[in-house]
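K.L.:
Just passing along the structure, written as structure tokens.
The values are calculated or read from the model by the stated rules, or taken from the named source; none is laboratory data. Not measured: the values here are computed from a predicted model. When we count neighbours, we look across all protein chains shown, and the Cβ atoms used for this are built from the backbone with ideal geometry, even at glycine. Surface areas here come from the heavy atoms of the whole protein model, side chains and all, with no ligands, DNA or RNA. Shrake-Rupley method; radii C 1.70, N 1.55, O 1.52, S 1.80 Å.
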Amino acid sequence: MKTVSEEELVSSWEMVYNISLNMLHNPADAEDAVQEIFEKAARRIQSFQGRSAFSTWVYSIARNHLLDIRQKGFRDEISFDLFERDVTGFDPYMNELGLSPAEEKIYIDQIKNGCTLAMLQCLKPESRLIYILSNIFAFSGKDAAEICCMEEAKYRKKLSRARAAVSGFMQKNCGLQNPVAFCSCRNRILIAREQGRVQKDFPSHTPRLIRDCTAELNELDASAEIFRQNWFIEHPVDFALKIKSRFKVFAENFLCSSE
């Protein structure tokens, strides 16, 4: 078994959480998933020989776990057709709430993040993961294909299809990519408030963005840039210490039970 540094462990945990959030849409579901993924990793830690990076090994475990829980009906599937009805069938916000520009921005940032996360649910689970790895988190084709357990050529073909589906939907419906599209983040302020999808007291500071936490994409398209402007969720230092402690307990308990 190869030794894993604390830095590797914490950075991998953060990335797995953000991948899980984009896969599952719901923060609580993502927290549960990352906990279960690292418990699995701890139970299998003896099999990690260092032939690939620890992070790649963990991401492969995450891939299997995330696809498995989706197949069990973890959330109802939606489609681009159903989502199009949602983003075209509402009354646009006409300043009924009298919000200041700063207050509007708080809502708009939440709406953009929520809408793009929901959009990903329109892709089938495997295609969603492929799109998340490459277009959002900028994994190389080689690394992403290894995580997804497929040949790179097959991976790139599936990625091309996922990109086309997302870009086509956004070009038709999303004001962030097409200025004349009906749906815009500001237009959705009223309906988002009515549906409880935004919070007025949400922190107004700008969190770190995904694009600031990942490598630059070689093939950056307009859709990818919009997704990469979403938040990269980081945990506080005390949580990082908790991660290290819990993983160590998981691994030690497994090793002791195996002796």
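K.L.:
Helices (runs of 4 or more DSSP H) wholly in region 1-119 with at least 2 residues that are under 18 Å from the mean Cα position of the chain (by Cα) - which ones? Give the steps one after another, and end with the answer.
P.N.:
Numbers: elements: 6-24, 27-43, 54-71, 80-88.
Here the list reads 6-24, 27-43, 54-71.
K.L.:
Filter region 67-92 for residues that are in contact with an Asp or Glu (Cβ under 8 Å, 6 or more places away or on another chain) and open to solvent by 40 Å² or more (accessible area, probe 1.4 Å); which is modelled with the highest pLDDT?
P.N.:
So the first thing to find is which residues in region 67-92 are in contact with an Asp or Glu (Cβ under 8 Å, 6 or more places away or on another chain), and the list is 67, 74-75.
Those left that are additionally open to solvent by 40 Å² or more (accessible area, probe 1.4 Å): 74-75.
Values: F74: 46, R75: 57.
For region 67-92, the residue satisfying everything is R75.
K.L.:
Please find, within region 178-202, the residue that is farthest from the chain's Cα centre (by Cα) out of those that are free of Cβ contacts under 8 Å to residues at least 60 places away in the same chain and open to solvent by 40 Å² or more (accessible area, probe 1.4 Å).
P.N.:
V180
K.L.:
Hey, another quick one. I'd like the full set of residues that are of a type in the set (K, R) and either modelled with pLDDT of 95 or more or under 12 Å from I226 (Cβ atoms) (or both), limited to region 102-117.
P.N.:
The one that is of a type in the set (K, R) and either modelled with pLDDT of 95 or more or under 12 Å from I226 (Cβ atoms) (or both): K112.
K.L.:
Against the conditions (1) open to solvent by 20 Å² or more (accessible area, probe 1.4 Å); (2) of a type in the set (S, T, Y); (3) assigned to a helix (DSSP H, G or I), where does S134 fall short? Just the number, please.
P.N.:
Checking S134 against (1) open to solvent by 20 Å² or more (accessible area, probe 1.4 Å); (2) of a type in the set (S, T, Y); (3) assigned to a helix (DSSP H, G or I), the one that fails is (1).
K.L.:
Something else: Please work out which residue is modelled with the lowest pLDDT, limiting yourself to region 174-213 and to residues that are of a type in the set (D, E) and not in a loop (DSSP other than H, G, I, E, B). Give the steps one after another, and end with the answer.
P.N.:
To start, the set of residues in region 174-213 that are of a type in the set (D, E) comprises 194, 201, 212.
Keeping just the survivors that are not in a loop (DSSP other than H, G, I, E, B) gives 194, 212.
Values: E194: 91, D212: 87.
The selected residue is D212.
K.L.:
Would you confirm, using the coordinates I've provided, whether A42 is free of Cβ contacts under 8 Å to residues at least 24 places away in the same chain and open to solvent by less than 10 Å² (accessible area, probe 1.4 Å)?
P.N.:
On the way: free of Cβ contacts under 8 Å to residues at least 24 places away in the same chain: no; open to solvent by less than 10 Å² (accessible area, probe 1.4 Å): yes.
When the stated conditions are applied, A42 does not pass them.
K.L.:
Same structure, new question: In this structure, does A145 turn out to be open to solvent by less than 50 Å² (accessible area, probe 1.4 Å) and in contact with a Cys (Cβ under 6 Å, 6 or more places away or on another chain)? Steps first, answer last, please.
P.N.:
Numbers: open to solvent by less than 50 Å² (accessible area, probe 1.4 Å): yes; in contact with a Cys (Cβ under 6 Å, 6 or more places away or on another chain): no.
In short, no.
K.L.:
Hey, L255 hits all of (1) at pLDDT 80 or above; (2) part of a helix (DSSP H, G or I) but one; which does it fall short on?
P.N.:
Every listed condition holds for L255 apart from (1).
K.L.:
Residues of region 4-21 being under 14 Å from L133 (Cα atoms) and either of a type in the set (S, T, Y) or in contact with a Lys or Arg (Cβ under 8 Å, 6 or more places away or on another chain) (or both), which ones?
P.N.:
S12, Y17, S20, listed by residue number.
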